[in-house]
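Working notes, beginning with the structure itself.
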Amino acid sequence: MKAVLALEDGTIFTGESFGAAGEQWGEVVFNTGMTGYQEILTDPSYCGQIIVMTYPLIGNYGINREDFEAKRSYIRGFVVREACDHPSNWRAGYRIGDFLTREGIPGISGVDTRALTRHLRSYGTMRGVISTAEVDPAELVKKAGSCPHLSGQKLVADVATKEPYTIEGNGPRVVLIDLGSKQNIIRRLRQRDCKVIVVPPGITPGQIGELEPDGVLISNGPGDPVDVPGTIDTARALIGKYPLFGICLGHQVIALALGARTYKMKFGHRGANHPVKDLYTGRVYITSHNHGFSVDEESLKTLDIEISHINLNDNTVEGIRHKYLPVFAVQYHPEASPGPHDSDYIFDQFMDMMRGEEQ
């Protein structure tokens, strides 16, 4: 079955449909990871987006039942050069096309993803439509141009937990404010024997206090950080009361709570090979990324905030730390999945902070 991807600027890509039939719209972004497509497909941070994979062969090790980062996929569409119909891996449960069909996600293969990625790098991420139903390019371009922008969609409400739940442990009590948390964040905390209390984004500071946490972690999630004003207010109220740690969207939320600004990047960081420098140690780590917004470095200069990490590709802010209070955050994903585990030490720093062994 023929499928078409139309971008809002009039650019058209055609290919073959795999996955669900139909039509879907979203912000078109690219990911440079060579592996880890299952974790990418199930990362809630991609809610509202059509993902383009730059690596040309996707699906060669299938989909398994262990590596999900959420119970379902929230992406809007999937674009690849070649989709493998015959995966080979002892853990594979089913094909990637079957997964997309089950999730109701349209996929398109046979696309020149290198050309598409170069286009997005040159002109920035943009709205697009994938369709197997409508093949008139002009009509699809018109639809893409009328789609809502990512900002303002309030996507966190679609992916976050609605009710609190607890994963038992004998170590520190961590309240995880779920903005669309990946499961590997919870796994990393559980590996350290933390008791993890996962709560919805609408929780109040008073309700968090009743849980008597040793620390609070604000998770990753989709969309524009200014679209979660309630969580920003909650983070502001928690500063100085508990050790506070943020990852990705949580990093941006904490920065906004401290008085900084954020901005939308031209095409963002999405992949598993981004070099990040720890400014305290001088060491460079290869890290996993998935974000389209960043903290404005200039806005930090008048605040009691130090930049702890920078991206060596474009010098953007990748980590912050309060000068006096137990508050820190990183823009990238120290929990990996997919990607290297080089930055697992960040969770150890959070553990030390909860034990009062470092600021």
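Throughout, read-outs are computed from the coordinates displayed, never taken from laboratory work. It should be emphasised that the depicted structure is a prediction, and the values quoted were computed from it without experimental measurement. In this analysis, Cβ positions are derived from the backbone assuming ideal geometry, glycine residues included, and neighbour counts consider all displayed protein chains.
What the table shows:
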item	result
Geometric extent, Cα atoms of the stretch 156-354 - Rg, Dmax (angstrom)	15.2, 44
Inter-centroid distance (Cα atoms) of the stretch 166-195 relative to the stretch 226-275, Å	19
Theoretical FRET efficiency, 1/(1+(r/R0)^6), r = Cβ-Cβ of E103 and M1, R0 25 Å, to 0.05	0.90
FRET efficiency, 1/(1 + (r/R0)^6) with R0 25 Å, evaluated for V135 and D112 via beta carbons	0.85
Reciprocal mean inverse distance between Cα atoms of the stretch 227-266 - Kirkwood radius, Å	10.4
Inter-probe distance in nm under a simple model that places probes 7 Å from Cα toward Cβ, at A21 and E298	5.2
Proxy reagent accessibility, fewest Cβ within 10 Å first, across S151, S131	S151, S131
Stretchable slack from N315 to Y280, in nm (0.36 nm times residue separation minus alpha-carbon distance)	11.0 nm
Cα convex hull volume per residue for the stretch 284-359 (Å³)	93
Rounded to the nearest 20 debye, dipole of the stretch 62-137 from Cβ charges on Lys, Arg, Asp, Glu	260
In order through the stretch 17-26: 3J(HN,Hα) via Karplus (6.51 cos²θ - 1.76 cosθ + 1.60), integer Hz, x for Gly, Pro	6, 9, x, 6, 7, x, 9, 8, 10, x
Sequence of E318, E210, E163 once ranked by neighbouring C-beta atoms within 10 Å, starting from the fewest	E163, E210, E318
Cα centre as origin, Lys/Arg/Asp/Glu Cβ charges: the chain dipole, Debye	180
Derived scalar couplings ³J(HN,Hα) [the stretch 137-152; Karplus, 6.51 cos²θ - 1.76 cosθ + 1.60; whole Hz; x for Gly, Pro]	x, 4, 5, 5, 4, 4, 5, 4, x, 9, 5, x, 6, 4, 5, x
Spacing of the two label points (7 Å from each Cα toward its C-beta) at I307 and R91, in nm	3.7
Cβ-based exposure ranking for W25, W90, in which fewest neighbours within 10 Å come first	W90, W25
Helix-derived mean residue ellipticity, 222 nm - over the chain, DSSP H n ≥ 4, -39500 (n - 2.57), to 500	-6000 deg cm²/dmol
Among H341, H86, H309: highest mean-square fluctuation, GNM of the chain, C-alpha pairs under 10 Å	H86
Potential extension, E210-R236 segment - 0.36 nm per residue separation minus Cα distance	7.6 nm
Per-selection Kirkwood Rh - the chain (Cα, Å, 1 d.p.)	20.6
Quotient of C-alpha Rg and 2.2 N^0.38 Å, computed over the stretch 1-128	0.97
Karplus (6.51, -1.76, 1.60) ³J(HN,Hα), θ = phi - 60°, over the stretch 78-84, in Hz, Gly and Pro reported as x	9, 10, 9, 6, 9, 9, 7
Gyration tensor (alpha-carbon) shape descriptor, the stretch 42-191, a/c threshold 1.5	oblate
